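Visitor: Just passing along the structure, written as structure tokens.
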Amino acid sequence: MIPASFEYVRAGTIEEAVAALREHGDEAKLLAGGHSLLPLMKLRLATPEVLVDIGRVDAMKGVCETDDGRLAIGSMTTHQDVMDDPLVREHCGVLAEVTAMVGDAQVRHRGTLGGALAHGDAASDLPAAILALDGTFTVEGPDGRREIAARDFFVDYLTTALQDDEVVVEVRVPKLDGDWGWRYEKFSRVSQAWAIVGALGLVKRTNGTIEEARVGLTHMGAVPVRASAVEDALAGNGPDAIADAAQHAADGTDAPSDLNATSAFRQHLARVLTRRALEAAAG
Amino acid sequence: MTATEAPTTGHVGQVRLRKEDARLVTGRATWTDNITPAGCLYMMVVRSPMAHATVTGVDVSVATDAPGVVAAYTGADLADAWQTSLPSVWQVTPDVKEPPHYPLTQDKVRFVGDGVAVVLATSRQAAVDAAELVDVTYDPLPAVTDVAQALKDEVLVHDDEGTNRCYSYHWDSGNVDEVFEQADVVVERRLINQRLIPTAIEPRAVVAQPEPTGGYTVFSATQIPHILRIQLAIVCGVPEHQLRVVAPDVGGGFGSKLNIYAEEALALALAQKLGQPIKWTETRSEGYQATIHGRDHIQDLAIAATSDGRIVGFKADIKADLGAYLQLVTTGTPMLGAFMYPAIYKLEAHDLTITGVFTTKTPTDAYRGAGRPEATFAIERMVDELAAELGMDPMEVRRKSWIAHEEFPYDTITGLTYDSGNYEAATDKAMALFGYDELRREQQQRRDDGDTTQLGIGISTFTEMCGLAPSRALGSLNYRAGGWEHATIRMLPTGKIQVITGTSPHGQGHVTSWSQIAADALGLPYEDVEVLHGDTAISHKGMDTYGSRSLAIGGYAVHEAAQKVIAKAKRFAAHLLEASEDDIEFADGTFSVRGSPDAAKTIQDIALAVFAAHDYPEDMEPALDAEATIDPENFSFPHGTHLCAAEVDTETGRVTIRRYVAVDDVGKVINPQIVEGQVHGGIAQGVGQALYEEAVYDADGNLTTGSLLDYHVPSAADLPAFETDRTETPATSNPLGVKGVGEAGTIASTPAVVNAVVDALRPMGVTDVRMPTSPQHVWEAIEAAQGGAA
Ligand SMILES: Cc1cc2nc3c(=O)[nH]c(=O)nc-3n(C[C@H](O)[C@H](O)[C@H](O)COP(=O)(O)OP(=O)(O)OC[C@H]3O[C@@H](n4cnc5c(N)ncnc54)[C@H](O)[C@@H]3O)c2cc1C
């Protein structure tokens, strides 16, 4: 429960953070809310030599509307601030709803959106949500900024497309125009725990039919996945197509086996939870 | 009030807010980890990452040179520090294997977490860093992680013993073969009582400190300061009178702090060696490896009955996984259940085999209930299985077979005498509160509708034996200690008292309950009682707290000491009032002369007069203090009826408890709120076993549930609001009429919940769900019953 000793650097700006990462290379780690990183350090599963604290980089906090009509959420925005943000609630309520199911109140007041995504944890709830929303990541490195689509961002267990010297500055999500419904079915062992499987159903409804359906799955592989077979089967159909479509929720996934669930049980859960999420979202 | 009125019981039976709580809830408690003597060295134990290996080398030289490190030692370096092995207290059979168990191993490591070296440093950080620098080389051996494999004796945990079978114990009574042959129905099942981790909220910690006047003080997060003193004195060769053991505030134990641990012995031995205070506090993950585990039985069971549902026989063949070494009561824990397999039923035959087996896992030992939850789970699950087989209501089967209230005292087939009980009363009350018939109707409706969420009803009409224990009974079982308890009452000059108890509370509220008992007995204000405990310098004698013993024996001792104070005070009163002792009456703290109510002295008057000692009987000492050592005449037998309604989502396997009704009979109640607290916590812990908790090892012997991330302890958010009530059938074995309540909820609730889960799924063909009844296990049970390939 005592981390190995490390050096502590506080970055005041994004540029300082990037410079510090550049100087220390893979010996350095950014410290956001610390709620994923510090537990690993205390167990000495992570032993970075330098921690670059970005907790006071105000430029990475808060939510605004972008020129292209999306929402930009600063990566250092805490889960609680995402949930409470009026723009998020108005234009992307699904994100507020999923965020509200992350951990407990303490976690949500310290943990950040950027940290949760950059950590790349397969059991984390927010990656599936950003993926289902077709969000993008604005990241800054020594050579300036670039944008990474969510589907390219998550690479493997605890591995993302970020370079060692890059910082996630913000996450962009679309405003959901039209009649969207959603439900995140998070299935966990005890309350306030990580998802064994999570299924996010996001449905655009037009005149009683499903114009568009999106399904993001948590913990059905090393990275969050979209249940594209289900999405394809539903587009243009009525809600009564959901039960059959959801049977394909686990198609093409590579669900892990662990103490809470075997791979087969995860696949079963994915089908049940996807059906329930979509039925609620379409209803 | 006149002296002719009968004494009132002003405090006993009433809710009194706990005297303990103000300190605890305002953060002013003193936990062992808060104690840091000047010059204290922090100890880190270097533990084996392997389940089973020959230790080919331990090199502490690099660690010794690390910053802040004062010393580092291997098992060999400290071999001379030990006068004996760490103790195992119960010789359960004459030929039980009791392999040596030293605080650090030398030859082999036998479980992940086995200690191989220690590092001492001036800060905790330095100790943690340096521990990583100790170079241990291992020659791996195969892990032995289940009892069937262990019993083949192909890989031995303790080579010198020649077998992994620690002991085999067999006991039968009645004509077993005949009863089973003639029975109309016999139901057999294999049930798994999984391994659990106790998880007290305060981790273990110890501080050993040399005293300038010679001798040592050991502060420990322990349930057993008195037993620890004797045993540490023996293990470390410290004269008993030079060893003071203090249990400061202790945050829960559930049996996990009922032990003599390697770290306690190490801290004392190193304080002896270096002449400096030594401190150690476990981390949660460290505790999960190095603090005892509980349960871990495979139960092969058979129940026999007549076709109309009268239970006649029970057989249990138990394989108990003891883990790698014998801790204090490792051998005896299954034995504590040995008497209880017949439970409340009037059996004609009983057959029990217990095989204790060494494996390369953390040692098991007493965990809340210790043996009795295992026995109760076995019988109560099997009664439900029998009822299903017979197509009868499970409560009907119980009613046909249990001991009727007019049959007490009742001699059981296992040789116990249940002094009192009323199963009918508790059951009737529970059934009414629960609305049993209504819930059965709803269950049928859901079955008829093919609802994906099914409803199950689970019953547990449990009893247990607690109040450990009559010393002669322990002696006859080759338990190497007694079961008495001690109390002293010191009368202070102003009539206030100090009660010194040999029990060692760690959450149970003895300070409050003992105050209520003493205040009523002596007619004193509740506020005028101070209760002292947990320090061998103050409480010289005691057998500590476990096995729901404290009230039935320790509370009894307080009551008895108070009677002795009254007897003395009566003689002083007679002297001062110039009356015959036979004419002195005592009520509500006042001694008066029969027939002349104005001639009276309060107990405070007498206390002051005795203190002054100007005028007192020739043949007396000027003192009112008294002590009592109580050796109970019998165990006590709380019982109750617990009913659980659980919803099972047959698609996801999730179980949600909808109602939980518990009617407990714990005899007379001293403080209803404390009793309720014990029942609530107990039920929660039993639900933990039924639904959530399991210590899992992989094939290599690694504990894969190594932290609270993977070992699921339920929180309040996972539990329903328990509905509790009581019946009160006084125990006849003590003057307070009290039984015990610490373990009752845990013993009762596990089968109630699992019975409910199985009941919900029975129409799908399910006859058992392995604990914990997790979504995975429920799903597997459904798939298996329906011929799927889960
Ligand atoms: C008890 C508990 C329960 C939890 N339960 C859940 C749950 O149910 N669901 C869930 O989804 N999550 C859960 N979490 C995780 C929580 O959401 C964390 O807050 C989040 O995963 C990490 O955010 P953070 O700000 O704390 O990041 P940190 O721990 O500070 O950082 C995490 C990683 O991301 C990197 N990083 C952080 N910010 C950036 C950035 N801007 N650019 C690049 N890299 C960055 C860090 O270097 C580090 O490697 C739980 C955590 C705890 C402690």
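Visitor: Within region B:348-357, is even one residue part of a loop (DSSP other than H, G, I, E, B), modelled with pLDDT of 95 or more and over 26 Å from B:Ile303 (Cα atoms)?
Guide: no
Visitor: What is the residue count in region A:21-38 for residues that are within 14 Å of another protein chain (Cβ to nearest Cβ) and away from the ligand (no atom under 11 Å from the Cβ)?
Guide: Number of matching residues: 0.
Visitor: Here is a follow-up. B:Arg229 is checked against (1) in a helix (DSSP H, G or I); (2) under 20 Å from B:Asp77 (Cβ atoms) and fails just one. What number does that condition carry?
Guide: Going through (1) in a helix (DSSP H, G or I); (2) under 20 Å from B:Asp77 (Cβ atoms) one by one, B:Arg229 breaks only (2).
Visitor: Output yes when any residue across region B:296-306 is over 25 Å from the mean Cα position of the chain (by Cα), buried (at least 21 other Cβ atoms within 10 Å of the Cβ) and not assigned by TED's automatic domain parsing to the domain that holds B:Pro772, and no when none is.
Guide: No, region B:296-306 contains no residue that is over 25 Å from the mean Cα position of the chain (by Cα), buried (at least 21 other Cβ atoms within 10 Å of the Cβ) and not assigned by TED's automatic domain parsing to the domain that holds B:Pro772.
Visitor: Which residue, of A:Glu231, A:Glu279, is more than 11 Å from chain B (Cβ to nearest Cβ), out of contact with any strand residue (DSSP E or B) (no Cβ under 6 Å at 6 or more places or on another chain) and either outside any helix (DSSP H, G or I) or more than 30 Å from B:Met771 (Cα to Cα) (or both)?
Guide: After applying the criteria, what remains is A:Glu279.
Visitor: Continuing with this model, one more query. Could you check region B:767-790 and list, in sequence order, the residues that are away from chain A (no Cβ under 14 Å) and over 24 Å from B:Asp296 (Cβ atoms)?
Guide: B:Ala785, B:Gly787
Visitor: Another question about this same structure. Of the residues A:Ile210, A:Ile196, only one is away from the ligand (no atom under 16 Å from the Cβ) and either outside the structural domain of A:Leu131 (by TED's automatic domain parsing) or buried (at least 19 other Cβ atoms within 10 Å of the Cβ) (or both); which?
Guide: The unique qualifying residue is A:Ile210.
Visitor: Could you please find all residues in region A:242-266 being part of a loop (DSSP other than H, G, I, E, B), within 11 Å of another protein chain (Cβ to nearest Cβ) and not small (Gly, Ala, Ser)?
Guide: A:Asp258, A:Leu259, A:Asn260, A:Thr262
Visitor: While we're on this one: Could we say that B:Leu78 is touching a Ser or Thr at 6+ places or on another chain (Cβ under 8 Å), modelled with pLDDT of 95 or more, at negative phi and of a type in the set (A, V, I, L, M) here?
Guide: Taking the combined requirement at face value, the residue does not satisfy it.
Visitor: Give the residue, chosen from A:Val88, A:Val82, A:Val63, that is in contact with a Gly (Cβ under 8 Å, 6 or more places away or on another chain) and either under 18 Å from A:His109 (Cα atoms) or modelled with pLDDT under 95 (or both).
Guide: None of the other options fit; the residue is A:Val63.
Visitor: In addition: Consider region A:158-178. How many of its residues are away from the ligand (no atom under 13 Å from the Cβ) and at pLDDT 95 or above?
Guide: Of the residues in region A:158-178, 5 are away from the ligand (no atom under 13 Å from the Cβ) and at pLDDT 95 or above.
Visitor: Yes or no: A:Met41 within 10 Å of the ligand (Cβ to nearest atom), part of a helix (DSSP H, G or I) and modelled with pLDDT of 95 or more?
Guide: Here the answer is yes, as A:Met41 does meet what is asked.
Visitor: Sort out which residues of region B:713-751 are within 14 Å of another protein chain (Cβ to nearest Cβ), in contact (Cβ under 8 Å) with a residue 60 or more places away in the chain and out of contact with any Gly (no Cβ under 7 Å at 6 or more places or on another chain), and write them in order of number.
Guide: B:Leu719, B:Pro720
Visitor: Being out of contact with any His (no Cβ under 8 Å at 6 or more places or on another chain) and assigned to a loop (DSSP other than H, G, I, E, B) is the filter here; which residues of region A:11-38 pass it?
Guide: Across region A:11-38, the qualifying residues are A:Ala11, A:Gly12, A:Thr13, A:Ala32, A:Gly33, A:Gly34, A:His35.
Visitor: Output the number of residues of region B:232-254 satisfying the condition of being buried (at least 24 other Cβ atoms within 10 Å of the Cβ) and in a loop (DSSP other than H, G, I, E, B).
Guide: 4
Visitor: If a residue counts only when it is modelled with pLDDT of 95 or more and of a type in the set (A, V, I, L, M), which strands (runs of 3 or more DSSP E) contained entirely in region B:562-660 have at least 3 such residues?
Guide: Qualifying strands (runs of 3 or more DSSP E): B:626-630, B:639-649.
Visitor: Among the listed residues B:Tyr341, B:Tyr423, identify the single one that is aromatic (Phe, Trp, Tyr), crowded, with 22+ Cβ neighbours inside 10 Å and under 25 Å from B:Arg472 (Cα atoms).
Guide: B:Tyr341
Visitor: Collect the residues in region B:684-734 that are among the polar types (S, T, N, Q) and either more than 30 Å from B:Pro632 (Cβ to Cβ) or not assigned by TED's automatic domain parsing to the domain that holds B:Asp321 (or both), keeping them in residue-number order.
Guide: Matches in region B:684-734: B:Asn702, B:Thr704, B:Thr705, B:Ser707, B:Ser715.
Visitor: Checking A:Ala246 against (1) in contact (Cβ under 8 Å) with a residue 40 or more places away in the chain; (2) at negative phi; (3) not acidic (Asp, Glu), which test does it fail?
Guide: (1)
Visitor: Looking at region B:149-165 only, could you name the residues that are within 28 Å of the chain's Cα centre (by Cα) and either under 15 Å from B:Ala699 (Cα atoms) or not in a loop (DSSP other than H, G, I, E, B) (or both)?
Guide: B:Ala150, B:Arg165
Visitor: Now a separate question. Residues in region B:149-170: is at least one polar (S, T, N, Q), closer than 25 Å to B:His297 by Cβ and in contact with a Lys or Arg (Cβ under 8 Å, 6 or more places away or on another chain)?
Guide: yes
Visitor: Restricting attention to region B:658-680, does a residue exist that is within 14 Å of chain A (Cβ to nearest Cβ) and at negative phi?
Guide: no
Visitor: Same structure again: Mind checking which pairs have a first residue in region B:684-711 that is more than 10 Å from chain A (Cβ to nearest Cβ) and a second that is buried (at least 22 other Cβ atoms within 10 Å of the Cβ) and basic (Lys, Arg), Cβ under 6 Å, 6 or more apart or different chains?
Guide: Final answer for the pair search is B:Gln685/B:Arg368; B:Ala695/B:Arg195; B:Tyr697/B:Lys361.
Visitor: Now for a separate question. Select, from A:Glu185, A:Glu211, the only residue that is within 14 Å of chain B (Cβ to nearest Cβ) and either part of a strand (DSSP E or B) or of a type outside the set (Asp, Glu) (or both).
Guide: Only one candidate passes the filter, namely A:Glu185.
Visitor: Within region B:190-212, identify whether any single residue is farther than 30 Å from B:Val246 by Cα, modelled with pLDDT of 95 or more and in a loop (DSSP other than H, G, I, E, B), and answer yes or no.
Guide: No, that holds for no residue.
Visitor: Determine, yes or no, whether B:Tyr73 is within 18 Å of B:Thr331 (Cβ to Cβ), assigned to a strand (DSSP E or B) and aromatic (Phe, Trp, Tyr).
Guide: When the stated conditions are applied, B:Tyr73 does not pass them.
Visitor: Also, quick follow-up: Restricting to region B:93-112, and then to whatever is closer than 21 Å to B:Ala81 by Cα and touching a helix residue (DSSP H, G or I) at 6+ places or on another chain (Cβ under 6 Å), can you tell me which residue is farthest from the other protein chains (Cβ to nearest Cβ)?
Guide: B:Pro99
Visitor: Could I ask something else about it? Looking at the structure I just gave you, is A:Gly12 exposed (fewer than 15 other Cβ atoms within 10 Å of the Cβ), away from the ligand (no atom under 14 Å from the Cβ) and farther than 19 Å from A:Val173 by Cβ?
Guide: Considered against the rule, which asks whether it is exposed (fewer than 15 other Cβ atoms within 10 Å of the Cβ), away from the ligand (no atom under 14 Å from the Cβ) and farther than 19 Å from A:Val173 by Cβ, A:Gly12 comes out as yes.
The values are calculated or read from the model by the stated rules, or taken from the named source; none is laboratory data. Note that the structure is predicted; figures quoted are calculated from it, not measured. Here Cβ is always computed from backbone atoms with ideal geometry, including for glycine, and neighbour counts include all displayed protein chains.
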